Structures are given as structure tokens and as C-alpha cells.
1. Given Asp439, Asp455, Asp480, Asp468, which one is acidic (Asp, Glu), open to solvent by less than 30 Å² (accessible area, probe 1.4 Å) and either touching a residue at least 12 places away in the same chain (Cβ under 8 Å) or over 30 Å from Leu346 (Cα atoms) (or both)?
2. Mind listing whichever residues of the range 114-164 are polar (S, T, N, Q), open to solvent by less than 60 Å² (accessible area, probe 1.4 Å) and over 37 Å from the mean Cα position of the chain (by Cα)?
3. For residues in the range 533-563 being open to solvent by 90 Å² or more (accessible area, probe 1.4 Å) and part of a helix (DSSP H, G or I), which is nearest to Gly599 (Cα to Cα)?
4. Here's a check for you: in the range 627-640, which residue that is in a helix (DSSP H, G or I) and among the small types (Gly, Ala, Ser) is surrounded by the most Cβ atoms within 10 Å (Cβ to Cβ)?
5. Those residues that are surrounded by fewer than 21 Cβ atoms within 10 Å (Cβ to Cβ), touching a helix residue (DSSP H, G or I) at 6+ places or on another chain (Cβ under 6 Å) and assigned to a helix (DSSP H, G or I), I need them from the range 641-652; list them, please.
6. Yes or no: the range 505-525 includes at least one residue that is open to solvent by less than 60 Å² (accessible area, probe 1.4 Å) and over 30 Å from Gln597 (Cα atoms).
7. Please tell me if Gln208 is within 23 Å of Arg122 (Cβ to Cβ) and exposed (fewer than 14 other Cβ atoms within 10 Å of the Cβ).
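The values are calculated or read from the model by the stated rules, or taken from the named source; none is laboratory data. It should be emphasised that the depicted structure is a prediction, and the values quoted were computed from it without experimental measurement. Note that we place each Cβ from the backbone using ideal geometry, even for glycine, and neighbour counts take in every protein chain shown. Accessible surface is based on the protein model in full, side chains and every heavy atom, while ligands, DNA and RNA are left aside. Shrake-Rupley method; radii C 1.70, N 1.55, O 1.52, S 1.80 Å.
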Amino acid sequence: MPARPPSTPRAGAGRSGGDAGADSPSAKPSARARPPREASPADEDFAAPPSGDDGPDGPDGPANPELYGDAQPPRSRTDETRVGAVPESREEEARRDDDDDNSESTRAGPPVQMLVLAGPDRGRKKRFQGVRMVVGRGKDCDFVLDDQSVSRRHLELVYGQAGVAMRDLGSISGTQVNDQRVDECLLKHGDEIAMGKTRLRFVDEAEQIKEMRAQAEAREAEEKREREEAAKEKDEARKAAGAARGTDVDPNDPRLNEMTNANYRVPESLQDKGTNNKGKGAIAIPRPRPPPRSAVTGGGANSKTKLLIGVGGGVVVLLMMGLLFSPSAPPPPPPVDPNIDRAKLLMQKAREAVRADDYANAVRLVEEAEKLRPGADEEGLGRAASKQLEVIQAFDNVRALMTANQFDEARAKLEAAPQGTAKMDDIRRKLETELEEKDAAYRIQQMEEALAARDPEAARPLLPRVPDLNRPAYSQKLLDLEAELAKESADGARRDRANRERAAMNAKEQRKLFLEEAFTDVERRFNGGDYTRAVLECDRVTEKYKTEKDVKDRARQLKTLIPQFQRSLDDAQKKLASNALESASKPLRRAAELYRQIGFQGSLGNTLDEQLASAALAAGQAALKKGDLAGAGMNFREALRLNPGDRRARDGLDELQKKVEELYMRAYIERDRDPASAAVKFKIVIETAPDGSDTKRKAEMYLSEMQP
């Protein structure tokens, strides 16, 4: 394997490209041992994290060596460079030829890169070489991945003035940015991109440097604050210890050190006197030294010397007697009770809590001070704070009731709240205003909900509680709603009635179809002219549908009507055969009426209508000749109904109309002379004249005058 070229200065401490030099025997131990040099903008490595130094190492060691490529390869115990197999090294070098780990790779692109966090390519990173980077598993991509779940050309990254834009290139599995499926978006520093089994992180090196510098500054500020707090706590502990001794002397003063006191011991001559006068508060006086033996016993001492010694001894004796008989010093003051200072401190904190409106804490502090020293609250701070706390708690209860929409209870609670300071009075007035506003808003909301639910019964009792300004509008809305509901109710009732009628008609039709199907065989026998078998078939139908009352009634009716129809039809056919059309009219009319009651459908009905039309025409002509105008009119109309195109029936009606008008004129002439005869004629005219004609109307008028 050919030797790799040495690391260039631009590789920096934060890139794995510089590890090639570290593998050589002459490599430096670490980047920390390099001689410092002044960094220039051209040599600035945007991948290096900001810290106290220019390198990636923080105060606790390398900052994520796996991320920035500072991890050194393991070495053998003999500190020799480990060399891998040639094929493996070549494959690794070919695979990472376009990665940012290559020491010979250019850094002309923007200061952004992609890090592989998870997947088959975990640990790889790719720096932008230009303004566009295509990521995928295709060999023509700018960043080639080994993940087979990634598309050949999965996505592209485009660097612009607004930042780096990510765009999915129509991949099958799609792309997720921060666990959200997107097709195109603008990336920010730290965004994570998931595609297939691979997860990438977008790193903006400039933003990364800013973040790491901010973290370092925050860490330094935190350490400084901790040091200041420790010094403050130490100072407070020293002051507390001095207060406990009843003096402000610093226990750490070197003058109070035992080693220092050992060097300044009291002489034995002073210790004796101090022992005798201990408890009296007297000051120890040193004993006078005895004169030298030579001065006492020697024969060479002159009288002057003896005189001086005697005078000195007398002075000392007088001083000692004065000290012994002098009044003793006053006793030392009693030690200061630490609870008093603690109570004073608690009261000061309570005053501060009152100024901060923290009345609950103020009450608690006053109670603690009273426990330490009864009577510490000389100014009644606890009672005032308790009263203010009671007012605040009442206001909090009012707010809770307002939140629960219990405005009447809130209003009563506010009225019962005790009076407080001027500040509390301002809060009370604001709370009253807020209560009224929320109450009005709640009433309006209830009214709106009732109207939206189309419930006038619920809206009507709410109307008096709506504010006066809004009441007219909601009153009109309520009237409109009631009118609309009344209309809808009427429409609904009409629809229900129509639906019931329609359902009844459908049921009737269904029942009719059922009966028709039940009597199908009876109808076939009847239309075939076998009336006897048709009657027998009715018995069979009754036997088949024993539980159906309608079937039984229908069978009973047919058994009665069919024989009557047969007799009327036979009588009419005999008269028609003898050409007695006038006399055949009556049995034919009876047969047709029975046929309609039977209700069967067939050609027999048409035959009866034709025969009845001819017979009715003949009967009408005969009645017209006899002067029976009413009978003639009835027969002519029946013939025209059965056969609308019969010209003879129409001519007969025209001739009948002329005779009716003549009869009307005779009745009109006779109405004064012979009212009874005229009344009979008017009745005939009314029965014969067609409906709506002037002749019929006049006849009815004169008849009503004659018979009031």
C-alpha cells in the first residue's frame, strides 16, 4: 500500500484526515502539543468546535472525538503503527474518497456538512463541495450511501442565500425531517433527515461555533456564580461563628492561633498572682526578683545599695497591698442569645415579604420569630399580614368562582370579603368590574348557545338576565326562532300527514295486490264465463287463507255478486238477442254495476260498456219520444260517457236541450197562473239541463222564489 501524503495545515485538529500523520512513527502525540500560531481567516476550520482554545478540546478533554475525527487509532504495545491489509485499505480509501475525511479533499464549498448518525454508513460525513449535493446510493451522486433502502437519487441539497434547501427527488420510501414527512423544506442547524435506514444530521458550522461559544460562556458564568456563592456562604458562616461567641473577631485570625499563643506565654511570676486573684478580676503583678546573693551576703556592698534595695522592696509591698485592697472589676456581660438575632432577621425578612405582597410567607416568618422570641412582633406585622392574606384569599376564591361561572356566589363572596389597604381596595374595584363583564359575557354566551341549539324554552328564561343593551336584539332573535320553529312544526305535521296517507295508500295497494293474487284463479274462471267454477274456486281460496279476514270477506262477496251478475247478464243478452234494446238497458246497467263491484279486469267489461251504450241510446230516444225528458237525459249522458264519440247520443242531447228550454218557457209563463204546475216543470228543467247552464240557474232561482 503506498504511503498516504502528510496532513496539510487545513486538515486541522477536528478532521480525521489528519490521522494519517498520526499513524506515522514521527507523528506528534496530540494536537495540544503543537506550538501555537496565529490563526488567519484563510486557515479557519469551520468544522472545529469553539472552546477555550482554537482546537476541539474542551476543558474536560476532546469534544466528541468521534464527531470531529479526533479519535486516534489503537496502537500496539510496542507503539508501532498498525497497518491493515492492502485490499481492505484500498476499499476503505475508495469508499471515502469523496468524504470529508480525505486529507486531499478541497474545502471550497460553504461551511456546512452532513453527518451520518445511523445506518450502514454511520460515522461518515460529507462536506459541501459546491452549492448542490445529491444524496443516494447511485454512483453518480455527490454523497454515495451503502444503504440499500435508499433510492439511487434520493434527495438533493441546494445552498442559497436563504440557507440550504432540501428537496426529495421522488424517492419511494420518502424523506422525513425531524420525524415529519416532507418533500421540500429549508434546513436549520441540527435538523435530522431520515431516509430508509439512514439518519443524517445537517450541521451549519458557523451556527455550531456560535452554540459552542455560547455554551462555554454559560459554563464560565455558572462557575463564576458558584465561586461567588461559595465565598458568600463562607463569609456568612464566619460572621455567624463570631456572633455565636458574642464578638465580631474572625476565628481565622492568625492572632488567635494556638501556635501564636504558645510563643507569648505568661511568665510564672504573673501566673501565680493570676491564680490567687482569679475570680476577683484582679490583675496579676509580677514578683520582685530577689537581689543577687552577692549583694545580700557579700561584705563589699555599700550602704547606698542596701538603701536602694530596701526602698524598692517597700514600694513593691505598697503596690501589692493597694492592688489587693482595691475594689474588684465588674463581672463580664452575659452571652448574647442567638435566638434574638435570628428573630430580628426573620422579622426583617417578614417586612420584605410584606413589601413584595407575599403575605403568606410574611405570616409564616412572623410565627417563626415569635417562637424564637415571644414579643418579637412589636409592631403587629403578623396581624396586618394575616388580614391582608385573608383579603387575598377571598379574592382568589372570587376568581375561582368566576372561572366556574358561578357569578352569584362570586358576587356574594366579594361583598363578604373584609376591607384591606388602599391597594386592596383598587384590586376589589377591578375585580367587581371584571365580575360584571364576565357575568354579562357568560349570559350572552348562554343565550347564543340556546339560540344555536334552537331551544326557545331554554332561551326564554335567560332573556331577562341579558344586559339591557343587548336584550332587544336577542328578544327579536327569540321571536324569529319561535316563528321559524312554528312554521317548521306545521310543515313537519303536514309532511307527517302526507307520509301517513302515502303509507296507508301503499299499504292499501299492497293489500289489493295480495287479494288480486289470492283470487287469480277465480278471476280466470270468471273472465272465461265459467261462473259456477268461479264460485267454487272462492271456497278453495278461503280454505287456503284461513287466517286472512280480508280474503274471507272478499270470497263471501264474490260468492254473492257472481250469481247476481250471471242472472242480469243472461237477462240482458236475451233481450238484446230479441232486439229489445230499450228493455235491455236496465239489466245491462245492473250487470255493469255488478261487474264494477266484482272488480275483475277483462274484455267482458268493454263488451258490457258497448252494449250498455247502445241500449242507453235506444232508451233515451224512446224516453224523448214519450216526453220523459229526465229519463232521456240520463240515458243520453250515459251513452255519451260509455262511448264519447257516439254522434247519435250527442244529437239526442241537443234535441233534449231544445225541449228543456221550451219546458222552461212554459213553466215561466205558468209560474203566476199555475204555480204548482210551474214548479213541477222547473224541477224537470233542473234535473235535465246540464250543469252550469243559464236555463238551469234561472230555473233554480224561480223555484226558490216560489218555494221559500
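1. Numbers: Asp455 fails: open to solvent by less than 30 Å² (accessible area, probe 1.4 Å); Asp480 fails: open to solvent by less than 30 Å² (accessible area, probe 1.4 Å); Asp468 fails: open to solvent by less than 30 Å² (accessible area, probe 1.4 Å).
Answer to the check: Asp439.
2. Once the filter is applied, which keeps residues that are polar (S, T, N, Q), open to solvent by less than 60 Å² (accessible area, probe 1.4 Å) and over 37 Å from the mean Cα position of the chain (by Cα), the range 114-164 yields only Ser151.
3. Taking the range 533-563 and keeping what is open to solvent by 90 Å² or more (accessible area, probe 1.4 Å), we get 533, 536, 540, 543-544, 546-547, 549, 556.
Those left that are additionally part of a helix (DSSP H, G or I): 533, 536, 540, 543-544, 549, 556.
Numbers: Arg533: 17, Leu536: 18, Arg540: 19, Glu543: 21, Lys544: 21, Lys549: 18, Arg556: 14 Å.
The residue in question is Arg556.
4. Filtering the range 627-640 for residues in a helix (DSSP H, G or I) gives 629-640.
Filter again for among the small types (Gly, Ala, Ser), leaving 630-633, 639.
Values: Ala630: 16, Gly631: 17, Ala632: 25, Gly633: 24, Ala639: 27.
The residue in question is Ala639.
5. Arg648
6. no
7. Working: within 23 Å of Arg122 (Cβ to Cβ): yes; exposed (fewer than 14 other Cβ atoms within 10 Å of the Cβ): no.
Criteria not met by Gln208.
Results for (1) under 30 Å from Arg342 (Cα atoms); (2) modelled with pLDDT of 85 or more; (3) open to solvent by less than 60 Å² (accessible area, probe 1.4 Å), shown as yes or no for each residue.
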{"residue": "Leu365", "(1), (2), (3)": "yes, yes, yes"}
{"residue": "Glu368", "(1), (2), (3)": "yes, yes, no"}
{"residue": "Ser386", "(1), (2), (3)": "yes, yes, yes"}
{"residue": "Phe395", "(1), (2), (3)": "no, yes, yes"}
{"residue": "Leu401", "(1), (2), (3)": "no, yes, yes"}
{"residue": "Asn405", "(1), (2), (3)": "no, yes, no"}
{"residue": "Glu409", "(1), (2), (3)": "no, yes, no"}
{"residue": "Gln419", "(1), (2), (3)": "no, no, no"}
